[in-house]
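Below is one structure; the comments refer to it alone.
Each value in this text was obtained by applying a stated rule to the coordinates, not by laboratory testing. This structure is a prediction, so every number in the text was calculated from the model and none was measured. Neighbour counts run over all protein chains shown; Cβ positions are idealised from the backbone, glycine included.
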Amino acid sequence: MGKTDRITERQLSVLIFVSLLSPMIRILPASAVLFAGRSAWLSTALALPAGAALVAFTRWTRKNAPEDMGLADMAVAGLGPVVGRFFDILCALWLTFYGGFIARSAAERLLATVYPNGNTPIFVAVMLAVALFTASGLTKTLSRTAEIMMPILVAVIAVVLLSALPDVSAAHLLPVTYRDLKGMAYGALPIFDVMAASAYFLFLAGRVRRPKSQRPNRFPWLIMLALVAFGVTFFTLGTLGEKLAVAMENAFFMVIRNIKVLGVVERVEAVVVTIWIVTDFIFLAAVLMIVAEIWRTVTGVKKRAVFVVPSAALSGASAFLIAGNAFAFQRWSDFIVPAVNLLLAAILIPAVMAVGKLRRRY
Amino acid sequence: MKKAICALLAVGLALTATSCSGLTLFSNYRRLENIELVRTVTADRDGDGVNVSVYGTAGEQSEARMYERSGPSVGVAMGKLILMPLGREAILSHTETMLIGEELAEISIRECLDYVERFSEMRLDTGILIVRDGTARDLLAGLSGSDTPASDTIAGLSLNIAKVGEGYFFTAREIASSMADNGCALIQCVRGVKEEKLFEARGDLNLEPAGFAVVKDGAVCQYLTDEETLGVILLLGKYKSRNVDLALPDAAVTVSVDLAETDMKPVFDQDGRLAELRVKLSLRANVINIAGEADITDEAVRRECERELTEIMTGAVRAAVRRSQELKLDYLDLEGVIRRSSPLKFEDMPDAWEDVFPDLPVTVEGSGVLARTYDIADPPELSGKEDKNPWEKLIESLKGS
Amino acid sequence: MLKGKAKTPAPPEPESGAPVSAAALETVFEGCYDFEARDVHIGGDTARLARLCFIDGLVSGSDVAEQVIRPLTDPKRFGAVTDIKAVVSMLLGGSVYVYTAKRRDKLGELAGDLLNGFCALVFDGEKTAVTFEVKSPQRRSVDAPKEEKVIKGAKDAFVETMKINTTLVRRKVRNAHLKIKEFHLGQRADTAAALIYIDGFTNEGIVAEASRRLERIRAEGVLTSAVIEENIVDNYRSPFPQVISTERSDKFCMNLLEGRVGILVDGLPLGFLVPGTFSQFMKVPEDHSGHFIVASALTLLRYLAVFLTLLAPAFYVAVAMYHQEMIPTRLMQSMIEARSSVPFPTAVEVILMLLAFELLQEAGIRLPSPIGETVSIIGALIVGQSAVEASVVSPVVVVVIALAGIAGYTMPNQDMGSALRLCRFLLVLAAIALGMFGVATASAILVYHLASLESYGVPYMSPFAGSEGRHLSRALFRRSMTVKRDREPELKTGGGGEAKL
């Protein structure tokens, strides 16, 4: 383990936040509104405690683990060398595929919004190239990049959401009663799905430097993510209404298309879409880094960077092969990927960690 | 790794070079000087197909031009139109309004809306207007003058009618949202009128609002009268102030209504059925003009004005609601109002809203208040009355009370 | 290619440990017209001789005559001393009125002293020499800084003489723990350098690392700042400056007091400070002279200028070529009108203007001041006005490029400004190729590069990154001087270092 390539808890938190903005905008608000209808804007309130519980649980299982022990090592320690490695390889394969999915998803979003009639391959290729370049570097560099981009992202999101406020209609958001709780809970599922994806970053936990005496300084990524999720859902639903929000591809960017920022700049979706691409870069790079970290643990090879190029190549292949057109891709995006994510990140990973903890392996 | 980076840089430079020469990979590359900026688009029926025209400018100093094309659908016709003569290319991202001819609107609005929604260049806040008593193309041509571009005339009307409560330019987003939520929508209608004496430098026609059209199943099914239009405007709150003429026995008083609050209260019976919808209209107006003999300082005269005002406005609201019920189209979103007001009771209603709505008793009550007159209550030189000293008037009034 | 070999064997290297003799010294400086050697009669006795050697021009002739030769030849002083050893002892003890006297027994050290403005009395019999510091007073006097404008601060800038520079530092930081460690750099030029830090306060790790990097320099001589800068930074390939260089002594001392290590080099009128972080290059000493609210506003303006200078041209290119929907309608109409007669595509127009701007700037720097100013004015008139009137470029492009250029000039550090100018070009190329996506991609790569930089273990982008989110306000705002200032946390300074022992 590279002793100089260490990050702090806060840096990991920021990296998680910036990365998860990428899948969040793919899923919201359509998935939440599909389940929760008009009350979807409150679904975040239900997703947040569930996300917090998951994060607290994983922290508890990791509490006494050695500092340089990542999730891959924990799986091997908890499940045994064979089953543990099998689990690690499973995760690595899924994440390799997921990396390609991220790249393709970003490319499709670009085509749907600001580059009509463009070519997905060129966007996918550029994204993979940049992610390859960054994933080959140090974890601390990637997390510092996320730290620098984070305030810019938050500022842009805040400005555009506030600019969309005049178009929000209470008729699209109300009424909400206790009877909507069930729908809200279902609507919270996609949001929780995104929050649960933070579990993948536990594979990088071995790079986190934990201060011995004082409380670790953490960035409240879960609350921030919930706020962004709330904002996106609230403003999109409030502007378009329930049915349009579900029917439209990239409903959030449709709303952005029609706002005027400070009454001066119009049609800022190009800026917002491309700023959001940075989150895709960071997430994709983080995923490639995680995959390389897993393979490093499984094979025992010291240098992680060795695995980045083949992982990127496989991700690229999956990006191109996953679906022939946007309709087929939508099926992956709406059902298959969220379902597998939920199973792996929200159920399997915590279960594996719990097994190791119960067996007192760490 | 270094070789990979060098390869990437080479590709990047190649992309740059191609873009410099115009051979870019992206379809949204345009040379600014070839752009024809389109602010207004029209669509009319043309046989079995559609005729579209755009009103474009190549620049501030350039003369605005009209271009038109026909095709079997809006998409095909627009596709032909975008690639203009002399290598010019229309850009629709600055389109503010789409004018749809009456004939086409009565067959299908949906196609035009669909084009606005799907075509990523166009904005969802594009105003949609239906042109009555003529084609949209002719209206646009008639509005085009050397001094004031047609688009500015339309933009001006859009701002003004909302202020004076004569109408409202619904945007594509609002129409689509209403159609999705309520199954129907309202669209502003306009017509061109000849005004020879007005602004000779302008084109042949001026633009005036012509009420609302009701859209159902993607096509216009009904045009609202002026009274119904006023009722809709009051109920939806789409105005800043509205001038109303009040006919008194000896005078005509014009007031400006600056506040018209609507309070809708559903009444449910013991079985949970929606028995009635009570609409209370609160009005506040200010006197802006008196023609004839009317002493506005006289309380009786003011009461008469208030009664007349209330009658006119409540009549308009009644008319709007009645029409909505006759058509069985809830374009006023009364369902949403009732649902927000009593959500649980609404959900527990034994009958579906679609069944209840057409026969739902709606009572409209109103109260109007004349708040003030501006500057002068009773101009002595015009009324013919003796110009009394204000102190004398005050003493008289105190004696009188 | 030159043919043939050197005819005579090379003289012994000055750093050699050969014993001292006048003949050996004269051999070392053979062929040097400025090397002077003469016999001096000790105490006026012709039988007792010492060989006086010096390099003419480096020494003060009057000091040599008055303070060395006169007392040495005085019979009253040295007449009775017959033993040469006693003479040497008296010379070292202050019989000669020079404040620095050193005994040299090795040829290399003796030659080094001569090159540093010393004169030497060589005693062949004793194989020893005594050197006296009699440097020539010919040096540039302390003046106001030329490259860094001073509005309210001190106007004593560094000069080429290291001793004067260290004096300027000592006068401002009157701290007994201020250490000035001497280095000799350059394999042939033997340039003196000083490493300055506050013992017990400055992080020892940074001091040790700076010393190590200075010792590692393998250049023939240190005559330019790049030799120092590129050798002591962590990543010399990055165009972004990682060493703070300044000609202002007040700025140099302020940074020492924040926990940085300073380096002065003889012959360079600059002070270097490490570690250098991005936020440091956005600060000027004037921030500490003016009101803290005004200073904070100006700092924020500089950060805004960074965004403008980097992104304005690229943003314009991306919007004009690919994302015209972002341009407001009225502006769009005037831009179409303006571009209708311009023959070049937008991409070429912007690149041409950027190049023209850079050419004007270079011309302005290279030419002598009066002509340089004239060229700048003419260039502005020609490029700005005539090019637009001739429809070579459109007015909007001129405005955008000018805005970006002026924003770049607000950078307090010229190296930072140059790095940003280079990145601006690359961003424009990315915008031309891929529009806003290209701008986002290139910006992400740029941010990644900046995030990858470290300076002596301190993240380059701290406190924006790598600082746990704390002390961000230090980079953006200046607190009032009435509030006790914390030290820079990322420099991990020590607890001591008070002025009094």
- Message: Given a Förster distance of 56 Å, report the FRET efficiency between C:LYS149 and C:ALA65 from their Cβ-Cβ distance, rounded to the nearest 0.05.
- Response: 0.80
- Message: Can you sort B:ARG118, B:ARG323, B:ARG173 from fewest to most other Cβ atoms within 10 Å of each residue's own Cβ?
- Response: B:ARG118, B:ARG323, B:ARG173
- Unit-weight point scatterers at every alpha-carbon of region A:98-158, Debye formula, q = 0.13, 0.16, 0.25 1/Å: log10 I(q)/I(0) is -0.46, -0.67, -1.04
- Item | Added length on full extension, which subtracts the Cα-Cα distance from 0.36 nm per residue, C:LEU472 to C:GLU204 | 94.0 nm
- Item | Of the DSSP H helices in chain A, those whose Cα atoms cover at least 15 Å axially and whose Kyte score averages 1.0 or more | A:9-27, A:120-135, A:139-163, A:181-196, A:221-240, A:269-299, A:308-321
- Message: Within a 10 angstrom radius of the beta carbon, how do B:ARG30, C:ARG140 rank from fewest other beta carbons to most?
- Response: C:ARG140, B:ARG30
- Over region C:22-133 - Rg/Rh using Cα atoms and the Kirkwood inverse-distance radius: 0.93
- Item | Residues A:ALA158 and C:GLU358, FRET efficiency given R0 of 25 Å [Cβ-Cβ distance, rounded to 0.05] | 0.10
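If you take the Cα Rg of region A:233-300 and divide it by 2.2 N^0.38 Å, with N the number of residues, what do you get?
1.66
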- For helix C:395-409, what angle does its Cα long axis make with the longest principal axis of chain C, in degrees from 0 to 90 and rounded to 10? 30 degrees
- Message: I need the per residue convex hull volume for chain C, using only the alpha carbons, in cubic angstrom as a whole number.
- Response: 207 Å³
- Under 13 Å from a label point 7 Å along Cα→Cβ of A:ASN64: give me every residue in region A:325-356 with its amide N that close. A:356
- Message: Given contacts defined as C-alpha pairs under 8 Å and at least six residues apart, what's the relative contact order of chain C, whole-number percent?
- Response: 14 percent
- Query: By a straight-distance test (C-alpha under 20 Å), which aspartates and glutamates pair with A:LYS303 as possible cross-link partners, with residues fewer than eight away in the same chain excluded?
  - Reply: A:ASP5, A:GLU67, A:ASP68, A:ASP73, A:ASP88, A:GLU293
- Count the net charge of all other residues whose Cβ sits under 14 Å from the Cβ of C:LEU422, scoring Lys and Arg as +1 and Asp and Glu as -1. 0
- To the nearest whole percent, what portion of all C-alpha pairs in region C:162-276 is separated by more than 22 angstrom? 25 percent
- Message: Take C:THR374 and A:VAL306, extend 7 Å from each Cα along the Cα→Cβ direction, and tell me the distance between the two endpoints in nm.
- Response: 6.8 nm
- Item | Inverse mean reciprocal Cα-Cα distance (Kirkwood Rh) of region B:226-401, Å | 18.5 Å
- If r is the Cβ-Cβ distance from B:ASP348 to A:LEU358 and R0 is 41 Å, what FRET efficiency results, to the nearest 0.05? 0.25
- Item | Quarter of Cα convex hull surface for region C:98-198, i.e. mean projection, nm² | 8.7 nm²
- Item | region B:84-163: radius of gyration over Cα atoms, expressed as a fraction of 2.2 N^0.38 Å | 1.17
- Helix-derived [θ] at 222 nm for chain C: sum -39500 (n - 2.57) over DSSP H runs of at least 4, divide by residue count, nearest 500? -13000 deg cm²/dmol
- Length released on extending from A:GLU249 to A:ARG210, taking residue separation times 0.36 nm less the Cα-Cα span: 9.8 nm
- Note on the structure: For chain A, the Kirkwood Rh over every pair of distinct alpha carbons, in Å, works out to 20.7 Å
- Proximal charge balance of C:VAL207 [Cβ under 9 Å; K/R count +1, D/E count -1]: -1
- Message: Strictly over 29 Å apart at the Cα level, which of C:LYS106/C:LYS251; A:LYS140/C:LYS146; A:LYS182/B:LYS328; C:LYS102/C:LYS163; A:LYS182/B:LYS280 would you flag in this model?
- Response: C:LYS106/C:LYS251; A:LYS140/C:LYS146; A:LYS182/B:LYS328; A:LYS182/B:LYS280
- Message: What distance in nm separates the two pseudo spin-label positions at C:ASP105 and A:ILE89, each 7 Å out from Cα along the beta-carbon direction?
- Response: 7.4 nm
- Note on the structure: If the chain between C:ALA402 and C:ALA23 were fully extended at 0.36 nm per residue, the gain over the current Cα-Cα distance would be 129.9 nm
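Dividing the alpha-carbon Rg of region C:298-455 by 2.2 N^0.38 Å yields what?
Normalised Rg, Cα atoms only: 1.08.
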- Query: Mean shadow of region A:1-50, computed from the convex hull of its alpha carbons, in nm²?
  - Reply: 5.0 nm²
- Task: Arrange C:HIS449, C:HIS177 by Cβ neighbour counts within 10 Å, fewest through most, would you?
- Result: C:HIS177, C:HIS449
- A student asked for the Cα radius of gyration and Dmax of region A:257-362 in angstrom ought to give 19.5, 62
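Per Stokes-Einstein, at 37 °C and 0.692 mPa s, what whole-number D in µm² s⁻¹ belongs to the protein assembly as shown, with the Kirkwood radius over Cα pairs as the hydrodynamic radius?
Details: Rh = 37.2 Å.
Calculated translational D: 88 µm²/s.
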